Every structure is written in C-alpha cells, then in structure tokens.
1. Positive end of the charge dipole of segment 196-235 (Lys, Arg +1 and Asp, Glu -1 on Cβ, about the Cα centre): tell me which of T235, G198, Q208 has its Cα farthest that way.
2. Give me the percent of the accessible area of the chain that comes from carbon and sulfur atoms, probe 1.4 Å, all protein chains in place.
3. Is there a quick way to get the dipole size of segment 51-91? I mean about its Cα centre, with the Cβ of Lys and Arg at +1 and of Asp and Glu at -1; what is the value in debye to the nearest 20?
4. What list of ³J(HN,Hα) couplings, whole Hz, do you get for segment 12-18 from phi and the Karplus terms 6.51, -1.76, 1.60, once you set θ to phi - 60° and write x for glycine and proline?
5. Run the numbers for A234 and S76: contour at 0.36 nm per residue of separation, minus the present Cα-Cα distance, in nm.
6. Using only Cα atoms, figure out Rg for segment 200-246 and give it as a multiple of 2.2 N^0.38 Å.
7. Under a Cβ-only charge scheme (Lys and Arg +1, Asp and Glu -1), can you give me the dipole magnitude of the chain about the Cα centre, in debye to the nearest 20?
8. Build a GNM of the chain with springs between Cα atoms under 10 Å: which of S76, S125, S87 gets the top mean-square fluctuation?
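The values are calculated or read from the model by the stated rules, or taken from the named source; none is laboratory data. Fair warning: this is a prediction, and the values are worked out from it, not measured in the lab. Cβ: placed from backbone, ideal geometry, glycine included. Neighbour counts: every protein chain shown. Areas reflect the complete protein model, heavy atoms only, side chains present, ligands, DNA and RNA absent. Shrake-Rupley method; radii C 1.70, N 1.55, O 1.52, S 1.80 Å.
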Amino acid sequence: MTILVETGSGYRVITLNRPERLNALTVDMAEALMAALAEAEGDKTCRAVLLTGAGRGFCTGQDLTAIVDASADAISDLLDRYNPLISRLRALRLPVVCAVNGVAAGAGANLALACDIVLAANSASFVQAFARIGLIPDCGGTWFLPRLVGGARARALAMLADPLPAETAAQWGLIWQAVPDDRLMQEAHGLTARLAAGPTAALALVKQALEASAGNDLDGQLDLERDLQAEAAATPDHAEGLRAFLEKRRPAFGGGRS
Ligand code: T3D
C-alpha cells in the first residue's frame, strides 16, 4: 500500500508509505491520495486531515526511476495527474496539517506547502531539487514560494536547489513551525485534534477566502469576505461560539458542514 489511512477521533491520518524510496511519488500514490482526501471530505465525522511520511523522509517528489526514459509529453501528462492533487488539497473543505518528518524534495516539498499548516521536525529539510535535474519547480512551487518567502528567497531556493533546514524554513515563513524530532507527531496530532474540534464550516471558508486573496484586489476581497461571512454566520457553530462567549465557557463546536 503506497499510502496508509488511519481514522482517529475526528480526523484522518494519511501516511505516504514508500519509505525505501523516501516516499517518492508515483501516479498510483497520487491517485490513492486523491481517493483518501475525497473519502475524508465525504465522511461527516472527519473534520481534519494529518498528512505525514513513513520512515526517515517525508517525500522526495517524482520517483525518478519511473521517468528515466520518459518523453517531454509523458512528463507533462504526469503533471496532469499530480496537479489535481495540489488543487484538491487547497480546496478541501477540511483543514490539512502536514507533519514533515524528514526531507521534502521536489514535488514532495510542494505537496507539503499545499497543506494548510506545516510542521516539520528540526532534522527535516525542504529542497526545491528540480534544478538539479534540469527541471523547474512544479506542483505549485513557483506559486507557493514567492507568496510564502518573497521573490529573492524564492529565486535562490528554486535556482540553487539547496536544502533549507526546517528551522530556517519556519523563520522565513515557508512553514508554520519546526519542532524537535521526538515531539513532531505529538505536536501534529495535538494541532490536528484541535482543528478537528473547531468550527469546520468556518475553517473551510477561511481556506476559500485566503486562497482567493491571491487573485483579488482589496475591494474584491472585501466583497468576498462579506459573502463568506454571511455563510459562516448562518452556521450552528457561530451560534454556539456566541453562546459560549456569553456563558464564559469553551465552545463545543459540532462542525456541521454542507
Ligand atoms: O519530471 C517529471 O516527471 C515531472 C515531475 C517532477 C516532480 C519532481 O518532483 S522532480 C524532483 C524529483 N526529486 C528529486 O530530484 C530528489 C531526488 N532525491 C534526492 O536528491 C535525495 O534522495 C535526497 C537529497 C532527497 C535525500 O538524500 P539521502 O542521501 O538522504 O537519501 P538517498 O540515499 O538519496 O535516498 C534513499 C533511497 O531513496 C535511495 O535508494 P537506494 O540507493 O537506497 O536504492 C534513493 O535512490 C531513493 N530515492 C530518493 N529519492 C528518490 C529515490 N528514488 C526515486 N526517486 C526519487 N525521487
């Protein structure tokens, strides 16, 4: 099995599972991931997703052994299979936490960056490895990098293809946090459980609003916020949040979503 799926209380853990190849991606694996995300979203009891890797790596991008003799057309066909995975993660109506347990290289780095909140073990690193093999960052790399770390750092990361240690990645804003290796999974589960107990519909609307902001001017974004806020305001979790505030207690969000 190229991925493993575990159902926890309120969330699912998806583990990339080709540890002998540092979880390098194959089309089968991308399709299995797509199916697992669809199942998570379709299960009303699932309110968050945690993505991680088995073994000492997170994911080293395309399995290079599979493309040794591939034509340029075959490579672009391959990206037609991977790109929907990146779009799906961004549009998923559930928060996705990524626990980067080791090296994240090539498309594997950008798979991590497509998630909502990225935690990494201190020993992990992020490598836009593409230039090492004469390619350009794909799977959203050229979109995520300048937005997360600015143009100067994006260019150096993409052109030099040097590993960026997790702690620097956190300092630069590429990821949320770097944590000691032995605390990574505990922290990641804690964060995912916290999100799973949150106002699920509102969190999905947060994703939608932030995603749209990249293509909107301020007026457009203000209009979108007004519309999405009306949707959030109509949820039982908003009513519960207000009641909890007035009653000076913690809210018990049901996470109802359409
Ligand atoms: O081109 C297209 O089809 C379009 C799509 C492109 C998307 C992409 O992701 S392109 C970028 C692909 N990824 C890379 O270029 C990274 C390749 N890997 C590495 O450079 C190194 O493995 C790392 C720097 C990430 C880690 O190095 P290290 O020394 O910690 O581990 P290692 O010994 O290189 O790897 C362990 C094993 O995993 C090794 O196999 P072996 O020798 O024990 O049998 C290695 O070959 C294998 N492995 C690691 N990454 C890949 C891989 N095998 C196939 N494909 C990989 N991506």
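1. Selected residue: G198.
2. On the way: 7220 of 12780 Å².
C and S fraction of accessible area: 56 percent.
3. Working: 4 positive and 5 negative charges, 76 e Å.
That gives segment 51-91 a dipole magnitude of about 360 debye.
4. Calculated HN-Hα couplings, in order: 10, 10, 10, 10, 5, 9, 10 Hz.
5. Working: separation 158, 0.36 × 158 = 56.88 nm, distance 4.30 nm.
Taking A234 through S76 to full extension adds about 52.6 nm, to one decimal.
6. On the way: Rg = 12.1 Å, N = 47, 2.2 N^0.38 = 9.5 Å.
Dividing the Cα Rg of segment 200-246 by 2.2 N^0.38 Å gives 1.27.
7. Working: 23 positive and 29 negative charges, 145 e Å.
Dipole size: approximately 700 debye.
8. S76
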